[in-house]
Amino acid sequence: MVGSFLNVVAHRLPLGKSVVLPSSACPACGHRIRAWENIPILSWIALRGRCSACHGGISPRYPLVEVAAAGLAVLAYLHFGWTLHALEASAYLWVLLVLALIDWDTQLLPNRITLPGIGAGLALGALGLLHRDWSLVPLPKAALGAMLGYALIWLPDLLYRRIRHRRGFGIGDRKMLAMVGAWLGPLAVFDVFALAVFAGAILGGLWATIRRRQIQSAIPFGPFLAIGGAVAMFFHPLI
Ligand SMILES: [Zn+2]
């Protein structure tokens, strides 16, 4: 059900629409989605990926995001057990997922998600001062992580602009890595940055080759930050 909501956020937020109202409708014919057509994963299978009114295709991305959201929560549970940490890790991973989707679609990382994401990481850090089981990292580490995350994108971008006279990273990328830092702390930020750059170089290079684009063409970096942020969540000390 969270995954279903993330689909709505990823679709509507970049358009400036409310994520609550109106209820979902087929974008092709406007058919209002009935309750039985709105069950995560199962409805898409029952409808065989088609709108019941106009038979227009429904992207397999919808059930895939629902499966991914559920899978991330299961991984968080397997890692942390029945703890607050598992809940916080799930929320963190869901935010990364929706940011990856929006950046993939629009090459934007909306402030309306990244800034509250930073705030939530810091707020949980403050809770962690009361009891260490209540947050993944305590406030001083969360604050340092946020600043370091911001700087780690901002500095290379600054250098790149001086040398090449164009942008290396988007401004949203800074805030996304700042958010990751606020949730995971300062040391993990280095892992996330390294993983994201590594994944971006390999997958972006492949993408450019397959699509026959120039190796210098812009790709959204958010999905790679999301991959790095998710991997570091589970394997940070190991990495
Ligand atoms: Zn339709």
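Taken together, the values in this text are just the output of simple stated rules run on the coordinates, not laboratory data. Since we're looking at a predicted model, the values are computed, not measured. Methodologically, a virtual Cβ is constructed for each residue, glycine included, from the backbone with ideal geometry; neighbour enumeration extends over all protein chains shown.
Helix 61-80 axis versus longest C-alpha principal axis of the chain: approximately 50°, rounded to the nearest ten.
For the range 1-91, the Cβ-based charge dipole about the Cα centre amounts to some 380 debye (Lys, Arg positive; Asp, Glu negative; other atoms uncharged). If the segment from residue 208 to residue 108 were pulled out straight at 0.36 nm per residue, it would be longer than the present Cα-Cα gap by 34.0 nm.
Extending 7 Å from the Cα toward the beta-carbon at both residue 84 and residue 235 defines two label points whose distance is 2.9 nm. Between the helical axis of 171-184 and the longest alpha-carbon principal axis of the chain there is an angle of about 80 degrees. Anisotropy class assigned to the range 3-119 is oblate, per the alpha carbon gyration tensor with a/c at or over the 1.5 cut-off and a/b no larger than b/c. Only alpha carbons enter this Debye calculation for the chain, each as an equal point scatterer, and the log10 of I(q)/I(0) it gives at q = 0.07, 0.16 Å⁻¹ is -0.26, -1.17.
Spacing of the modelled spin labels on residue 20 and residue 123, each 7 Å from Cα toward Cβ, amounts to 1.6 nm. Taking packing as the residue-averaged number of other Cβ atoms within 10 angstrom, the listed peptides 80-92, 155-167, 40-52 run from highest to lowest as 80-92, 40-52, 155-167. In the chain, the longest principal axis of the Cα atoms and the axis of helix 84-106 are about 70 degrees apart.
Dividing the summed helix terms, -39500 (n - 2.57) for each DSSP H run of n ≥ 4, by the number of residues in the chain produces a 222 nm estimate of -22500 deg cm²/dmol to the nearest 500.
Only one residue of 217, 230, 140 has its Cα farthest out toward the positive end of the dipole of the chain, where Lys and Arg carry +1 and Asp and Glu -1 on Cβ, and that residue is 217.
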